[in-house]
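Student: Quick one: the structure is below, questions incoming.
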Amino acid sequence: MSLMMDRIDALRKEFKSAIAQATLVRDVEAIRLKFTGRKGSVPELMKELKDCSIDEKREFGPKLNDFRQEIEAAIATRAKELVDGAEKAKASAIENFDVSARVPSSRKKGTTHPYSQIVERVENTFLSMGYSIFDGPEIEDDYHNFGALNIPENHPARDMHDTLWLNRRSHLLRTHTSTIQIHAMESRKLPIAGIAPGRTFRHEAVDASHDVMFWQCEGLFIDKGITMSHLFGTAKAFLSSFFDTDDIDIRIRPGYFPFVEPGVEIDMRCVFCKDGCSVCKKSKWVEVFPGGMVHPNVLKSAGIDPEVYSGFAFGFGLSRLVMLMHGISDIRLLSSGKIPFLRQF
Ligand code: DAH
């Protein structure tokens, strides 16, 4: 008889310690199955009780029933506690979400691409000079890339651009951002002052200094009475703001581009050295940008009267500028997406 009582006591002890340790709702369910499930310890004891004497049944039947109810109540209470606790923890995590918490320093942070950095810097410099930012399509037609820029079909200047033609032979990937001059003149009111940074494409043999995709930035200023000296002044002001120095010296050489007349090459005295370095290739001068006075034919093609208006245009290689500034020796790295390279910026 007392054996039955001992077994109930032992089971009660076991149950109490198990339920106290349960931290998840599914632990509680496992305990329920173990003690009161169909094959659980309590039903097993009940089965055994069937073979016992009437006296035993009378004494232990109600005890076993009480034990079963005790278990069921304890299980319901613990399960509720756990569910409430989890909900509270969730709510408090949302409520106490600390937006200013420090991110562990081991987390890898992303950075902006060197191209994005230079575009932002060039744009800010020109915006501060009153210019706007222009945009245009990367897929162009022959007219905007060549014809309107005074490069008619069969013009030898077309050979300067190794063009990536699309299957529709009338379209191509723009070979320079000068196309945006035409879009700007077609869609904007005069006077026009803007720059247009963007990607350009050429069918190049790829090496450390040539890639099929590279970045350029075009500049255009059209108004009444614009002269070459405005171009030189603008070049100096831009370089001085960009390189953050008043000590900018430029020199001008003649240059030929069909869409400007006269055309020039503007060089800057090397800002990285005094007596020659790898950037200026020991020459103390760095080629910065070509430009010139917008050709009357270009103005005419956009319906602007060259007798009334004049303007200057220039275009420089952003890829080259990025490489110059950061001492990058291989242009291919810039579009490689290589994380160890990008993480340096
Ligand atoms: N589009 C020329 C190129 O890709 C660069 C250029 C030269 C742009 C002279 C100009 C310019 O606006 O006036 O080589």
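None of the figures in this text is laboratory data; all of them are computed from the coordinates on show. Fair warning: this is a prediction, and the values are worked out from it, not measured in the lab. Using ideal geometry, Cβ is built from the backbone for each residue, glycine included, and neighbour counts are taken over all protein chains shown.
Student: Please compute the contact order of the chain in relative form: average sequence separation of alpha-carbon pairs under 8 Å and at least six residues apart, divided by the residue count, as a percent.
Tutor: 14
Student: Hey, what did region 259-307 get for relative contact order, percent, Cα under 8 Å, at least 6 apart?
Tutor: So the answer I get is 42 percent.
Student: Which Cys residues of the chain have no other Cys beta carbon under 4.7 Å away?
Tutor: 52, 217 - these cysteines have no disulfide-compatible partner (Cβ-Cβ under 4.7 Å) in the chain.
Student: Please give the helix 114-128 orientation as an angle from the longest Cα principal axis of the chain, in degrees from 0 to 90, rounded to the nearest 10.
Tutor: With rounding to tens, the tilt is 60 degrees.
Student: Hey, what's the Cα Rg ratio for the chain versus the globular rule of thumb, 2.2 N^0.38 Å?
Tutor: Relative to the 2.2 N^0.38 Å estimate, the chain comes out at 1.97.
Student: Just to be sure I understand the model, the point goes 7 Å from the Cα along the line to the Cβ. What's the resulting residue 343 to residue 129 distance in nm?
Tutor: If labels sit at residue 343 and residue 129, their model points lie 3.8 nm apart.
Student: Shifting gears a bit: Run the quick spin-label model on residue 188 and residue 243: label points 7 Å from Cα toward the beta carbon, then report their separation in nm to one decimal.
Tutor: 2.7
Student: Scan around residue 132 for amide H atoms under 5 Å from its own, H built in the peptide plane at 1.01 Å from N, and keep only partners 5 or more places away or cross-chain.
Tutor: 193, 194, 195
Student: Taking the chain as a Gaussian network, Cα atoms linked when under 10 Å apart, which of 214, 60, 201 shows the biggest mean-square fluctuation?
Tutor: 60
Student: Hey, another quick one. Starting from the Cα gyration tensor of region 173-287, take the square roots of the eigenvalues, sort them a ≥ b ≥ c, and report rounded, prolate or oblate (rounded when a/c is under 1.5, otherwise prolate if a/b is larger than b/c, else oblate).
Tutor: oblate
Student: Let me spell out the model: positive unit charges on the Cβ of Lys and Arg, negative unit charges on the Cβ of Asp and Glu, origin at the Cα centre of region 142-236. What dipole size does that give, in debye rounded to 20?
Tutor: My answer is approximately 380 debye.
Student: Run the numbers on region 2-95 and let me know its relative contact order in percent, using alpha-carbon pairs under 8 Å that are six or more apart.
Tutor: Reported as a whole number, the value is 32 percent.
Student: Could you give the dipole magnitude of the chain about its Cα centre, charging the beta-carbon of Lys and Arg +1 and that of Asp and Glu -1, in debye to the nearest 20?
Tutor: Dipole magnitude for the chain comes out near 1140 debye.
Student: May I ask for the angle, rounded to the nearest 10°, between helix 41-50 and the longest principal axis of the chain, with both axes built from Cα atoms and the value confined to 0 to 90°?
Tutor: So the helix axis and the longest Cα principal axis differ by about 20 degrees.
Student: Follow-up. Could you point to the residue in 288, 336, 116 farthest towards the positive end of the chain's charge dipole, with +1 and -1 charges on the Cβ of Lys/Arg and Asp/Glu respectively?
Tutor: Value: 336.
Student: Shifting gears a bit: Order these by the 10 Å Cβ neighbour count, fewest first: 23, 234.
Tutor: 23, 234
Student: Then there's this: Mind checking the dipole of region 223-345: about its Cα centre, +1 per Lys or Arg Cβ, -1 per Asp or Glu Cβ, Debye to the nearest 20?
Tutor: Using Cβ point charges on Lys, Arg, Asp and Glu, region 223-345 gives about 560 debye.
Student: Cut-off under 19 Å on the C-alpha distance; same-chain residues fewer than 8 positions from residue 88 excluded. Which lysines are left, in chain and number order?
Tutor: Residue 88 reaches 80.
Student: Which lysines, on any chain, are close to residue 236 with Cα under 25 Å apart, when same-chain ones fewer than 8 places away are left out?
Tutor: Qualifying lysines at Cα under 25 Å: 224, 274, 281, 282, 284.
Student: Region 73-132: which trypsin sites (Lys or Arg not before Pro) are DSSP loop and have at most 15 other beta-carbon atoms within 10 angstrom?
Tutor: Sparse-neighbourhood loop trypsin sites (Lys or Arg not before Pro): 102, 107, 108, 109.
Student: Per residue of the chain, what 222 nm ellipticity follows from adding -39500 (n - 2.57) for every DSSP H run with n ≥ 4, rounded to the nearest 500?
Tutor: Per the formula, -13500 deg cm²/dmol.
Student: Which of the lysines could be linked to residue 338 by a straight reach, that is with a Cα gap under 19 Å, when you skip same-chain ones fewer than 8 residues away?
Tutor: Once the sequence-local lysines are set aside, what remains near residue 338 is 108, 109.
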